[in-house]
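S.K.: Starting off with a structure, shown below.
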């Protein structure tokens, strides 16, 4: 373990904190909750910029998965390979998907296998709220929370039942069943969501000098998700069990090339069982929490045409098992400061037939993490306050280098409608099993990635207008990147230094019937090794400019119209940013119209979605075309008994 | 008398006519044509990016056409992963592996003059022109070779030879085909790691020459009497050596074998064999090795490469006996062509497309 200046600074801040600090909740008196329809609005000012999508908003948006839902939020860019079954990962502030932690009910979803999460496989039907926090959170969430964190909450069991059916373009069919039952202190819920798409959307492609309209092949996908929930609450004890079952069968089409389409016979089958048991004991507002999670995941990749793997093609099976235990102690009040300790243990295993020649096909990792966060009010002048929080975390690994992280955050708030925040932190990401062991690709020599970031922001709230402006800089060293060793073979190494800096603007204006939400992100994400010829060049597939405007208009009590425009700026597929490798900026516009009625506990909602209404032809990743214009009809019928 | 004169005149006329139609072997040789000093560089592009290209370099003026094929063909793409080039007169044939095409272009204009399109698993890789009516190309995942007519620019037939064919060389009636087996991936299959000897008349494999794991390249000596093959180590056995084998083409017997960390871009030029000292364990080459195979005991001479270069291939420059070195940099950017002297000194540098790998100089 090595001590870094940032970590030392954090410890010093903790050690020298004044003893007269007050509780953090004093913030709430300034930024009271604002009753709005679009609850992207924060109730309080957070130390890091945060955007939230609550359940109500998720139901209104023309989206079916987390990837579609978060595109357009400040700092968010979803790297999308197209179609329902195509890989979709999140990039925050230009970082990679492995540098963003995805947390479900307090448990990190990023696997040791590859470090990333395909957020296109998480249906919004199972989600109560999505929060995207930008900035390092390594002290809280550990590995991978370098550029930010996507926090997901499972749907809460509700009394009643509902069925939602979906019909859409390109053979899309979906059915969601949601049943909840409350009995005394117990709440039970079952949500099942199945969706199928043929995925044969047309796209334009220049082949041998002429533009042709081609249909996407092998893009079909069948995704089945179910969540079983049981919550049990007594005066000083609470229990929550969530079991998520997932099964998917989908095509894994590759790049569309002149004269050939890659992986037209490649199939990916996945089965997953994920259970999270949460106990809370003690004071209801400040309990002990214990979270235990277990995950079993099996993946089978087949491609009968992958002749480079043999006459029968590829047939690769991977089985991952993960066990997690997290203990969060109650907040400790200590000489005016509060302390929040937390310990975690992760055990990950992976069995597969493409690992470590001659050394078996099994990999395992044991990780222990301990974190402590200290906070309080540094200065309280009555009409304004300066609130500080510092964190420190140590992670010990069985197979890779250990890591220390630290952070410090400050907020200055006043009774005037303005607040200021400043934070700095360090974070890390250990190499994944793939990066360490995958045949002809991994290297046991790779070290953990490191990041250092600073965020400064101001929040303004005047009447119906809310505005957040944040500036950031993030420096990543030892970035693990796949380096081509020839035109067709790649392997990993700690070759990357990346500097990301930029600004994010979020504006919301709302009155009773009309609301407008807009975000604008400008980021310069560049290679930062002065000795490399790519120094100062824009990181591939990272647009400098991202924007979103969403307008919602209510017509009477029952009808709501929604329009969303998403802009993705120019990005490059070559590291030298050769003009020929530029992918043009693109703007897509979605419309949605929802008619909802409710009578005597019965509810019904009919939603019509028109996606990519102006039929933009584009690709986020070169040669992986995105769907053009598409439609979707959603019908919900439900029963929601009142107490 | 008059008839005799007419007969003589006719005879003389016929003689003149026949003389004029006879082989030009009796003509005085034309003055040697100065080389055009032009190179066409094949840029592989990045896998799955559809950005293979051709770069044209005019050494006399220093002019570089980065995407010469696109510019000459109204922006048309060459395709995905180009790997080789061969000349027949004013026509160049470029294998575009992932796009499953052989693109034929006029080397004066860059314009496409035809295309051979493959189907199924056949992906053209290495190519050689045998005659005006026969060309041979390996089909890699097609596990064989394809015979094509370079004049008519059409496919003739395919011949199955073994798993994952890469290099090919033709002498006389025989094609020597490297069945690499893609190293570890298909090493257990029959004929992996062998050189198939194909009779081009019968279009049958006559025999298999044992080589070594992952045999990838084959070249012939200038007199066509010796065949040299490069085999690469297996990733599963990182400590294993690789090397070069020498065969007698007449008897098909192995004559010599040099086991060392070398190989890649195997070439024969003026009695010597040239190859990178490419080390697959570090994915890098620091030298071009020269083997004087006329000697009984061969000790390769190292010609150092410039530092900071990702050597993706080289060709010997017939204009001056130096080298044309292809620097792929990070394989995701436009590369460089470095003109080296015969001792490895950098003489000139030119831009080119992504991952340059082969070239023809004329």
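The values are calculated or read from the model by the stated rules, or taken from the named source; none is laboratory data. Everything quoted here is computed from the prediction, not taken from an experiment. Cβ atoms come from the backbone with ideal geometry, glycine included; neighbour counts cover every protein chain shown.
S.K.: Please work out which one of (1) within 15 Å of residue A:229 (Cα to Cα); (2) assigned to a strand (DSSP E or B) is the condition residue A:175 fails and give its number.
M.R.: Single failed check for residue A:175: (1).
S.K.: A further question on this structure: For the range A:220-253, how many residues are surrounded by fewer than 18 Cβ atoms within 10 Å (Cβ to Cβ), touching a strand residue (DSSP E or B) at 6+ places or on another chain (Cβ under 6 Å) and within 19 Å of residue A:185 (Cα to Cα)?
M.R.: Total meeting the criteria: 6.
S.K.: Across the range A:329-350, what is the total count of residues that are surrounded by 19 or more Cβ atoms within 10 Å (Cβ to Cβ) and either within 14 Å of chain B (Cβ to nearest Cβ) or closer than 20 Å to residue A:396 by Cα (or both)?
M.R.: Adding up the residues that qualify gives 5.
S.K.: Also: Being part of a strand (DSSP E or B) and within 30 Å of residue B:236 (Cα to Cα) is true for just one of A:364, A:389. Which residue is that? Can you show your working first?
M.R.: Working: A:389 fails: within 30 Å of residue B:236 (Cα to Cα).
Within the list A:364, A:389, the selection yields A:364.
S.K.: Which members of the range B:307-333 meet the condition of being away from chain A (no Cβ under 14 Å) and not in a strand (DSSP E or B)? Step through it out loud before you land on a result.
M.R.: Step one: filter the range B:307-333 for residues away from chain A (no Cβ under 14 Å), giving B:314-325.
Residues satisfying the conditions are B:317, B:318, B:319, B:320, B:321, B:322.
S.K.: Another one. Within the range A:513-546, which residues are under 24 Å from the mean Cα position of the chain (by Cα), crowded, with 19+ Cβ neighbours inside 10 Å and under 23 Å from residue A:583 (Cα atoms)? Write out each step before concluding.
M.R.: Here is the first cut: in the range A:513-546, the ones under 24 Å from the mean Cα position of the chain (by Cα) are A:516-527, A:538-546.
From the residues that got through so far, the ones that are crowded, with 19+ Cβ neighbours inside 10 Å too are A:517, A:519, A:521, A:523, A:525-527, A:538-540, A:542-543, A:546.
Once the filter is applied, which keeps residues that are under 24 Å from the mean Cα position of the chain (by Cα), crowded, with 19+ Cβ neighbours inside 10 Å and under 23 Å from residue A:583 (Cα atoms), the range A:513-546 yields A:519, A:521, A:523, A:525, A:526, A:527, A:538, A:539, A:540, A:542, A:543, A:546.
S.K.: To continue, here is another question. Would you check which residues across the range B:68-97 are touching a strand residue (DSSP E or B) at 6+ places or on another chain (Cβ under 7 Å) and in a helix (DSSP H, G or I) and list them?
M.R.: Of everything in the range B:68-97, those that are touching a strand residue (DSSP E or B) at 6+ places or on another chain (Cβ under 7 Å) and in a helix (DSSP H, G or I) turn out to be B:68, B:69, B:70, B:71.
S.K.: Any residue in the range B:187-195 that is within 14 Å of chain A (Cβ to nearest Cβ) and without any contact (Cβ under 8 Å) to a residue 12 or more places away in the chain? Don't jump to the end; show me each part of the working.
M.R.: Here is the first cut: in the range B:187-195, the ones within 14 Å of chain A (Cβ to nearest Cβ) are B:187-192.
Right, trim to without any contact (Cβ under 8 Å) to a residue 12 or more places away in the chain and you get B:188.
Yes; the residues of the range B:187-195 include at least one that is within 14 Å of chain A (Cβ to nearest Cβ) and without any contact (Cβ under 8 Å) to a residue 12 or more places away in the chain.
S.K.: Give A:594, A:557 a once-over and let me know the one that is over 29 Å from residue A:532 (Cβ atoms) and in a strand (DSSP E or B).
M.R.: Values: A:557 fails: in a strand (DSSP E or B).
After ruling out the rest, the residue left standing is A:594.
S.K.: From the set of residues in the range A:549-561 that are within 29 Å of the chain's Cα centre (by Cα) and surrounded by fewer than 21 Cβ atoms within 10 Å (Cβ to Cβ), which is nearest to residue A:88 (Cα to Cα)? Step through it out loud before you land on a result.
M.R.: Residues of the range A:549-561 that are within 29 Å of the chain's Cα centre (by Cα), as a first pass: A:549-553, A:560-561.
Checking which are surrounded by fewer than 21 Cβ atoms within 10 Å (Cβ to Cβ) leaves us with A:549, A:551, A:553, A:560-561.
Values: A:549: 22, A:551: 25, A:553: 30, A:560: 29, A:561: 27 Å.
It comes out as A:549.
S.K.: On to the next question. Filter the range A:534-554 down to residues that are assigned to a loop (DSSP other than H, G, I, E, B) and either over 22 Å from residue A:617 (Cα atoms) or away from chain B (no Cβ under 14 Å) (or both), then give me how many there are. Even if it seems obvious, please write down each step before you answer.
M.R.: Going residue by residue through the range A:534-554, those that are assigned to a loop (DSSP other than H, G, I, E, B) are A:534-537, A:539-544.
Filter again for either over 22 Å from residue A:617 (Cα atoms) or away from chain B (no Cβ under 14 Å) (or both), leaving A:534-537, A:539, A:543-544.
The total comes to 7.
S.K.: Still on this structure: Do you know which of the residues in the range A:416-453 that are in contact (Cβ under 8 Å) with a residue 60 or more places away in the chain and over 23 Å from residue A:396 (Cβ atoms) is surrounded by the most Cβ atoms within 10 Å (Cβ to Cβ)?
M.R.: Per the criteria, the residue is A:453.
S.K.: List pairs: first in the range B:61-79 and without any contact (Cβ under 8 Å) to a residue 60 or more places away in the chain, second surrounded by fewer than 19 Cβ atoms within 10 Å (Cβ to Cβ) and part of a helix (DSSP H, G or I), Cβ under 7 Å, 6+ apart or cross-chain?
M.R.: B:65/B:71
S.K.: In this structure, is residue A:506 more than 30 Å from residue B:356 (Cβ to Cβ) and touching a helix residue (DSSP H, G or I) at 6+ places or on another chain (Cβ under 7 Å)?
M.R.: Working: more than 30 Å from residue B:356 (Cβ to Cβ): yes; touching a helix residue (DSSP H, G or I) at 6+ places or on another chain (Cβ under 7 Å): no.
Judged against the criteria, residue A:506 is not a match.
S.K.: Looking at the range B:48-61, is at least one residue within 14 Å of another protein chain (Cβ to nearest Cβ) and on the phi > 0 side of the Ramachandran plot?
M.R.: Within the range B:48-61, the subset within 14 Å of another protein chain (Cβ to nearest Cβ) is B:48-55.
With on the phi > 0 side of the Ramachandran plot added as a condition, the list becomes B:48, B:50.
Yes, the conditions are met somewhere in the range B:48-61.
S.K.: All but one of (1) within 14 Å of another protein chain (Cβ to nearest Cβ); (2) modelled with pLDDT of 95 or more hold for residue A:261; state the number of the condition that does not hold.
M.R.: (2)
S.K.: If we scan the range B:98-106, do we find a residue that is within 9 Å of chain A (Cβ to nearest Cβ), surrounded by fewer than 24 Cβ atoms within 10 Å (Cβ to Cβ) and in contact (Cβ under 8 Å) with a residue 40 or more places away in the chain?
M.R.: First, pick out the residues of the range B:98-106 that are within 9 Å of chain A (Cβ to nearest Cβ): B:98-101.
After this cut, where a residue has to be surrounded by fewer than 24 Cβ atoms within 10 Å (Cβ to Cβ) as well, the list is none.
Checked against the condition, which is being within 9 Å of chain A (Cβ to nearest Cβ), surrounded by fewer than 24 Cβ atoms within 10 Å (Cβ to Cβ) and in contact (Cβ under 8 Å) with a residue 40 or more places away in the chain, the range B:98-106 yields no hits at all.
S.K.: Given the structure, is residue A:89 outside any loop (DSSP other than H, G, I, E, B) and free of Cβ contacts under 8 Å to residues at least 40 places away in the same chain? Talk me through it step by step, then tell me what you get.
M.R.: Working: outside any loop (DSSP other than H, G, I, E, B): yes; free of Cβ contacts under 8 Å to residues at least 40 places away in the same chain: yes.
In short, yes.
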